[in-house]
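Read through the structure below, which is laid out as structure tokens, and then see the notes.
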Amino acid sequence: MAQNSPQQNMASLRPPVIVIMGHIDHGKSTLLDYIRKSNIVEREAGGITQHVAAYEVKHAAADGTERRITFLDTPGHAAFSSIRERGGRIADIAVLVVSAEDGVKPQTLEALEVIKDEKLPFIVAINKIDKPAADIIRTKTSLAENGIYVEGFGGSVSCVQISAKTGEGVPDLLDMMLLTADLEDFRGDPSLPASGYVLESNLDPKKGLSATLIIKNGTLKGGQFVAAGSATAPVRIMEDFQGKPLKEATFSSPVRIIGWDKLPAVGEEFKVFETKNDALEFAAAFAEQSPTSNEPLPDPESGVTVIPVIVKGDTVGSLEAIQKELAKLSTERVAVRIVQSGIGTLSENDLRNAEGIKNTVIVSFNAKIDATARAYALRQGLEIHEFNIIYKLTEWMEDIVAERTPKVLTDVLAGEAKVLKIFSKTKDRQVVGCRVESGSLKNGATVKVMRRDAEIGEGRIRELQHNKNKTSEVTEGMEFGALVEFSIDLAPADRLQAFETVEK
Ligand code: GDP
């Protein structure tokens with residue numbers, strides 16, 4: 001590297017950052033696992049047991065040279081779309097995994113939308129070709145039917161057939177990633193200060209606040225300071241994705257930095273500073289500009305029922321996704337409000353807060369729960385609800401919203417009849433002939449009497465006859481006779497409207 005001229009430095013090829021997308025169960029995780037297991041050679045004792053936000057592999061290109069590829073390990077479920085969309089922005093190339101058994105599915109198309117929005121070059125990987133029910137032609141047809149035209153099927157989208165389980169075709173897929181990267185000509189300048197994004201941040205019980213960053217350009221060096229949004233950290237404890245200490249890292253590498261003053265938000269861009277003061281100044285300016293995300297509680301007079309939620313999550317990403325999903329559940333009459341949220345273990349302290357707020361829903365999402373917190377909950381009769389899948393949490397929360405929605409009684413129009421003929425009248429009892437215009441009217445019903453567009457009063461149906469027989473109900477289209485108790489003389493073309501009181 002030392003003999004490189006600055007011009008050559010500026011023109012350094014940058015390893016591609018790959019995001020794997022596609023419908024649930026089509027094999028994204030299996031593919032990521034397979035590549036990780038088969039292409040990471042220098043593994044530490046014990047290997048990678050923990051979830052990592054991104055990892056790097058080495059793959060020999062067609063010309064024999066070893067090249068690096070970085071993979072984002074984004075959670076696959078739809079509720080993580082906020083991260084996935086950011087994954088799209090962070091990534092250089094997308095691999096769209098489509099099962100050869102199922103073809104294109106809703107989330108395949110969702111992923112395609114993200115790919116198009118981000119203008120990401122992409123490769124289609126037709127997966128599960130080892131399965132007896134795999135049908136490659138049908139899968140390619142299904143792709144074409146959905147506007148994805150692969151090579152040989154009316155288009156030029158690269159397509160590789162693989163089995164993420166047996167590994168068949170995976171080296172070809174890696175070759176295709178490098179080929180696509182070469183065509184796109186991704187470049188970086190290692191002489192610049194590093195820049196990139198926060199992939200994940202969490203609380204490490206032993207080490208403190210940690211975040212995984214992906215470097216998209218420049219070089220990150222020990223002794224510098226990083227700021228992401230309003231959070232800062234010294235570049236002192238820096239590790240690669242396998243937990244090995246690093247002194248320096250450059251583009252396309254994921255690095256873990258420990259020792260933040262607060263948790264940086266997932267997807268946030270990071271910047272590098274030479275002094276701690278500069279980093280703190282940047283963070284302070286950022287904090288001033290960004291509005292707080294806490295939604296105000298509705299006015300107690302408004303009649304809106306508030307469902308307060310305390311949620312502890314395992315990562316900033318999952319908390320963000322939960323916030324987004326729960327916000328969608330609020331209705332005109334019910335407001336779902338996260339009153340407290342955090343990362344890490346659910347503690348007795350969190351529950352003490354819950355006690356002060358009536359009917360608080362306490363949720364742990366993949367978070368550990370203190371033994372003392374459990375004991376406290378038992379004593380106080382508080383229930384801690386544990387989830388590890390976001391849509392399960394939202395489904396459950398939907399039920400809570402339905403349960404807590406205050407019931408209101410409303411009158412709905414059950415039926416309307418038009419007066420056709422007046423037969424007789426004694427005192428306020430009138431016998432009329434009518435036709436049901438819509439819905440149905442029941443014997444005994446109270447009716448509003450409408451004359452043109454005005455209500456002229458309220459009456460009551462005392463008897464109903466259809467085809468000269470007494471009946472209890474008449475329905476749309478029927479002509480019927482009725483004995484109506486009403487003080488004003490009815491006239492042809494008046495309308496009788498029957499209402500029903502329902503709970504909503
Ligand atoms: P994801 O939801 O897209 O991450 O899908 P997963 O990787 O969890 O895969 C879903 C299921 O399909 C799992 O049971 C996998 O073992 C299985 N699977 C994934 N890829 C293959 C494959 O190439 N062949 C076979 N036979 N099974 C696969």
Checklist entry - When segment 492-504 is examined, which residues are found to be surrounded by 12 or more Cβ atoms within 10 Å (Cβ to Cβ) and assigned to a loop (DSSP other than H, G, I, E, B)? => result PRO492, ASP494
Checklist entry - Just one of THR315, THR372 is touching a Ser or Thr at 6+ places or on another chain (Cβ under 9 Å) and exposed (fewer than 13 other Cβ atoms within 10 Å of the Cβ); which is it? => result THR372
Next on the checklist: Please count how many residues of segment 96-143 are in a loop (DSSP other than H, G, I, E, B), closer than 17 Å to LYS165 by Cα and either in contact (Cβ under 8 Å) with a residue 60 or more places away in the chain or touching a helix residue (DSSP H, G or I) at 6+ places or on another chain (Cβ under 6 Å) (or both).
Outcome noted: 3
Checklist entry - Does segment 53-64 include one or more residues that are at pLDDT below 85 and touching a Gly at 6+ places or on another chain (Cβ under 9 Å)? => result yes
Item to check | Pair list, Cβ under 8 Å, 6 or more apart: segment 25-52 residue closer than 16 Å to VAL95 by Cβ and within 16 Å of the ligand (Cβ to nearest atom), other residue at pLDDT below 70 and among the hydrophobic types (A, V, I, L, M, F, W, C) | outcome: ARG36/ILE48
Item to check | Spans of helices (runs of 4 or more DSSP H) in segment 344-463 with at least 3 residues more than 19 Å from LEU326 (Cβ to Cβ) | outcome: 348-356, 371-380
Checklist entry - Can you find a residue in segment 346-361 that is modelled with pLDDT of 90 or more, in contact with a strand residue (DSSP E or B) (Cβ under 8 Å, 6 or more places away or on another chain) and under 18 Å from HIS385 (Cβ atoms)? => result yes
Checklist entry - When segment 96-145 is examined, which residues are found to be of a type outside the set (A, V, I, L, M), under 18 Å from ASP25 (Cβ atoms) and away from the ligand (no atom under 15 Å from the Cβ)? => result ARG138, SER142
Checklist outcome for this item: Over segment 216-257, the set of residues within 15 Å of SER201 (Cα to Cα) and of a type in the set (Phe, Trp, Tyr) is PHE241
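Tell me, which strands (runs of 3 or more DSSP E) lie completely within segment 148-218 with 3 or more residues that are in contact (Cβ under 8 Å) with a residue 40 or more places away in the chain and more than 16 Å from the ligand (Cβ to nearest atom)?
195-204, 208-217
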Item to check | Qualifying residue in segment 254-264 (condition: crowded, with 20+ Cβ neighbours inside 10 Å and over 30 Å from ASN366 (Cα atoms)) | outcome: no
Checklist entry - If only one of LEU173, LEU120, LEU109, LEU179 is over 30 Å from GLU66 (Cα atoms) and hydrophobic (A, V, I, L, M, F, W, C), which one is it? => result LEU109
Checklist outcome for this item: Given (1) of a type in the set (D, E, K, R); (2) at pLDDT below 95; (3) touching a Gly at 6+ places or on another chain (Cβ under 7 Å), LYS128 misses just (2)
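For every residue, the table says whether it meets (1) surrounded by fewer than 23 Cβ atoms within 10 Å (Cβ to Cβ); (2) at pLDDT 90 or above; (3) more than 18 Å from ALA194 (Cα to Cα).
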{"site": "ALA2", "(1), (2), (3)": "yes, no, yes"}
{"site": "ALA11", "(1), (2), (3)": "yes, no, no"}
{"site": "VAL17", "(1), (2), (3)": "no, yes, no"}
{"site": "ILE20", "(1), (2), (3)": "no, yes, yes"}
{"site": "GLY27", "(1), (2), (3)": "no, yes, yes"}
{"site": "TYR34", "(1), (2), (3)": "yes, yes, yes"}
Checklist entry - Quick one: how many residues across segment 239-268 are basic (Lys, Arg) and more than 29 Å from the chain's Cα centre (by Cα)? => result 2
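The values are calculated or read from the model by the stated rules, or taken from the named source; none is laboratory data. Bear in mind that the values here come from a model prediction, so they are computed numbers and not experimental data. A quick note on method: Cβ atoms are made from the backbone with ideal geometry, for glycine too, and the neighbour counts reach across all protein chains shown.
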